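No lab work stands behind these numbers, since they all come straight from the coordinates. Since we're looking at a predicted model, the values are computed, not measured. We place every Cβ from the backbone using ideal geometry, glycine too, and count neighbours over all the protein chains shown.
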Amino acid sequence: MVEARWLYTALVIVIGAERLAELAISRRNQRWMESRGAVEVGAEHYPWMVLLHGIFLASCLAEVWLWKRPFRPSLAMVMTVLLVASLALRYWVILTLGRRWTTRVFCLPGEPLITAGPFRYMRHPNYLAVITEIVALPMVHAAWVTAVVFSLANGLLLKERISVEEEALYR
């Protein structure tokens, strides 16, 4: 039987590859928006977000392998369900925003605020997905230190990010 740490490593690699695919979608959408006069807002925090998310994935693996975190099937099952739910919400956001979705913050003059999809229910649904993922992914293999540390760091970053987005919505 394959050791759970190897399966977990494969899961983290898949999530990392998925993030790289999102960056490609974001870049394509960014070019489309800029061709229509969109202007980036609050770019100063973006490198910190990229760094945080990259280190997060590495930390998930490091904690499991170096600290030999135990695999707890019942915890893994619950956290995997939460992880899948966070991914579903993320893709719902991406599909709803369409070409207006990027990992950066852009103002697109003359475009109405999107109120369809998950935006009917909350203002920043993607961040609920991110918050859930930052807890669920490490906890699939009981990497609780990563879950706690990166939840706190992400909270600080989201405070800035949401402030930037709120300002951008009313430009």
Checklist entry - Any idea how far apart Glu22 and Leu113 come out in nm if each label point goes 7 Å out from Cα toward Cβ? => result 2.4
Next on the checklist: Angle check, please: helix 46-66 long axis (alpha carbons) against the longest principal axis of the chain (alpha carbons), in degrees 0 to 90, nearest 10.
Outcome noted: 10
Checklist entry - Over what distance in Å are the Cα centres of the stretch 99-152 and the stretch 30-75 separated? => result 11
Next on the checklist: If I take R0 = 25 Å and measure r between the Cβ atoms of His124 and Val78 in this structure, what FRET efficiency does the formula 1/(1 + (r/R0)^6) give, to the nearest 0.05?
Outcome noted: 0.55
Item to check | Leading residue at positive end of dipole, the stretch 4-169 (Cβ point charges), from His141, Ala24, Trp101 | outcome: His141
Item to check | Chain lengthening between Val149 and Ala58 when straightened (0.36 nm per residue, less Cα-Cα) | outcome: 31.4 nm
Checklist outcome for this item: Taking Cα atoms only, helix 144-169 is inclined relative to the longest principal axis of the chain by an angle, in degrees rounded to 10, of 0
Checklist entry - Where in the stretch 35-132 are there chymotrypsin sites (Phe, Trp or Tyr not before Pro) that are in a DSSP coil and have at most 10 other Cβ atoms within 10 angstrom of their Cβ? => result Tyr121
Checklist entry - Normalised by the residues of the stretch 4-169, what does the relative contact order come to in percent, with Cα pairs under 8 Å and at least six apart? => result 36
Checklist outcome for this item: Helix 4-34 sits off the longest principal axis of the Cα atoms of the chain, rounded to the nearest 10 on a 0 to 90 degree scale, by 10
Checklist entry - What are the residues whose amide H is under 5 Å from the amide H of Ala143, where those residues sit 5 or more places off or on another chain and H is modelled from the backbone? => result none
Item to check | Only Lys, Arg (+1) and Asp, Glu (-1) charged, at Cβ; the stretch 4-169 dipole about Cα centre in debye | outcome: 420
Next on the checklist: Based only on other Cβ atoms within 10 Å, what is the fewest-to-most ordering of His124, His53, His141?
Outcome noted: His124, His53, His141
Item to check | Gain in span if fully extended, Trp32 to Leu169, counting 0.36 nm per residue against the direct Cα distance | outcome: 47.5 nm
